[in-house]
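Colleague: I'd like to ask you about the structure that follows.
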Amino acid sequence: METRSSRNSEAHSIQRFRGSFFDFRISVFVFLLAVGCGAPGEPTPPTPQVPVAIADLTAQQSGDAVQLTFTLPPKTVSGERLYKPPAIEILRGAVRPDGSPDPKSFRTIETIPGALVEDYRVADKVQIINRVSADELRSYPGKALAYRVGTRASRKRASADSNTVIVRIRPVPERITSLHADVTEPAIELSWSAPTRTSTGEALPAISEYRVYRGEIDPASAESAAQDLSQTKWKSPLALLASTPTNSYQDTAFDFGKTYVYTVRTVIPAEGGTVESEDSVPAIVTPRDVYPPGVPQGLVAAVVRSASNRPPEVDLSWSINTETDLAGYHVYRSEQQDTPGQLVTPDLLLSPAYRDTSVQPGHLYWYSVTAVDRTGNESARSAPVAVEVAQPSS
């Protein structure tokens, strides 16, 4: 028989085992929690993108401004591709007496957000115009300014500065404010008023020449271009068309129907070289071809009779026109000398000859010819030529 004492001892052992197993499970849980589910540390911020430094910055004076040109960096210093244009920071500084740039003088004078950088692209380059005020021009006549450019893909860190460029600032002729364009058949005739002073108010020295620039735009943007050329979408940008010693020029190398923008710059001598003014007020013109070809000349007519007793016909011929846009000719016939008559060639004749097979014997006809260009302009009629188609003999 089992005694009460032995039953109590067994129960106590079971209780101790359960307590030890519970403590073991708690220890394992704490261990796993500490090892596998450790407390997260502080998040590591992403490394900011830093574009490579620009290395091909150039600068030149353009009227009362400095034109900066460079290639936008395509990658970061770590070799990553830049998927959108970075912001651009323009820095300007002074030049020491020895001609070297003063590093401590550089200041950021303009910032262009990345979203607007595309507005400054010209082909594969970026071009930015930095205006120089009249006061600055008076302060720096013939002196030099230093420029650098940086880019920024994040707020935290900018690229290293570009190469440094130095440009000498000289007073330029005042802007031409009146440019006229008159369309004639052979040329677009440009004329303008000659400037008399510099942009800072001094008397203008002798003018070396004028430079005429021309570009082409979409006709739909002509009105907006007259207000602001910087917002114009060009079919072909402004480019030097010609130089002229006088304040007029005739452009004969144009096409009817295109919309052109003309500007003129005044050129004066400056320290062994020359300097241009800024662009004049633009002249925007869309030449229309309203000019008919010349009147055909030398019209002759002859009656042709066949040997097989067929009805007579009239052969016409005339001198060929020399216009490059000639489309063809029309022939008119009348039975009264002083009336235009009717068109007998509804389709244009491509050559200066025609045979009229619809004449009737016993009639007197007057023929005239016109020339038509590709725009549809028709010349006046040629001098009429009379032809009598006699009755056939019995």
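Colleague: Rank S221, S162, S334 by mean-square fluctuation in a GNM of the chain with C-alpha springs under 10 angstrom and give only the top-ranked residue.
Modeller: Maximum among the listed residues: S334.
Colleague: Starting at the first residue of the range 250-266, write each ³J(HN,Hα) from the Karplus equation 6.51 cos²θ - 1.76 cosθ + 1.60 with θ = phi - 60°, in whole Hz, x for Gly and Pro.
Modeller: My calculation for the range 250-266 gives 10, 8, 9, 9, 10, 10, 4, x, 8, 9, 10, 10, 10, 9, 10, 10, 8 Hz in order.
Colleague: If you don't mind, another one. Cβ under 14 Å from D373's Cβ, D373 left aside: what net charge do those residues give with Lys, Arg +1 and Asp, Glu -1? If you can, show how the numbers build up before the last one.
Modeller: Working: positive: R288, R374; negative: E185, D255, D289, E323, D325, E378.
Spelling it out: positives minus negatives among the neighbours equals -4.
Colleague: Can I ask one more? Just tell me which aspartates and glutamates come within less than 20 Å, Cα to Cα, of K143; anything on the same chain fewer than 8 places away is out.
Modeller: By straight Cα distance, K143 reaches D64, D98, D102, D135, E174, E202, E271, E276, E278.
Colleague: Taking the alpha-carbon distance from K233 and a cut-off under 26 Å, which lysines remain once sequence neighbours fewer than 8 residues away in the same chain are dropped?
Modeller: Counting by Cα, and skipping residues close in sequence, K233 has these lysines nearby: K84, K125, K258.
Colleague: Let me ask something else. Ignoring ligands, DNA and RNA, what percent of the 1.4 Å accessible area of the range 200-287 is carbon and sulfur? Mind showing how you got there, number by number?
Modeller: Details: 2120 of 4360 Å².
The computed percentage sits at 49.
Colleague: Can you compute the helix-only [θ] at 222 nm over the chain? Use -39500 (n - 2.57) per DSSP H run of at least 4 residues, normalise by all residues, nearest 500 deg cm²/dmol.
Modeller: After summing the helix terms and dividing by the residues of the chain, the value is -3500 deg cm²/dmol.
Colleague: Ignoring everything but the protein chains, give the 1.4 Å probe accessible area of T47 in square angstrom, nearest 10.
Modeller: Accessible area, nearest 10 Å²: 120 Å².
Colleague: Given a 10 angstrom Cα cut-off, can you work out which residue in A53, A87, A353 is the most mobile in a GNM of the chain?
Modeller: A353
Colleague: A further question follows. For semi-axes √(5λ) of the Cα gyration tensor in Å, the choices are [x] 84, 44, 13; [y] 39, 32, 19; [z] 36, 23, 20; which was calculated from the structure?
Modeller: Entry [x].
Colleague: Further, regarding this structure: So for K84, K258, what's the accessible-area order with a 1.4 Å probe, most first?
Modeller: Putting K84, K258 in descending order of accessible area: K84, K258.
Colleague: Could you please state, rounded to a whole Å, how far the C-alpha centre of the range 267-329 is from the C-alpha centre of the range 111-155?
Modeller: Centre-to-centre distance over Cα atoms comes out at 48 Å.
Colleague: Follow-up question, since we're still on this one. Against the longest principal axis of the chain, how steep is helix 4-36, in degrees 0 to 90 to the nearest 10, with axes from Cα atoms?
Modeller: On a 0 to 90 degree scale, this one is about 30.
Colleague: I would also like to ask the following. Just reorder V331, V52 by solvent-accessible area, largest first, 1.4 Å probe, all chains present.
Modeller: Highest to lowest solvent-accessible surface, that is V52, V331.
Colleague: What does the C-alpha gyration tensor say about the overall shape of the range 243-377? Classify as rounded when a/c is under 1.5, otherwise prolate if a/b is larger than b/c, or oblate.
Modeller: prolate
The values are calculated or read from the model by the stated rules, or taken from the named source; none is laboratory data. All figures in this text were calculated on a predicted structure; none of them were measured in a lab. Positions of Cβ are generated from backbone atoms using ideal geometry, with glycine treated the same way; all protein chains shown enter the neighbour counts. Heads up: the accessible areas ignore ligands, DNA and RNA and are worked out on the full protein's heavy atoms, side chains in. Shrake-Rupley method; radii C 1.70, N 1.55, O 1.52, S 1.80 Å.
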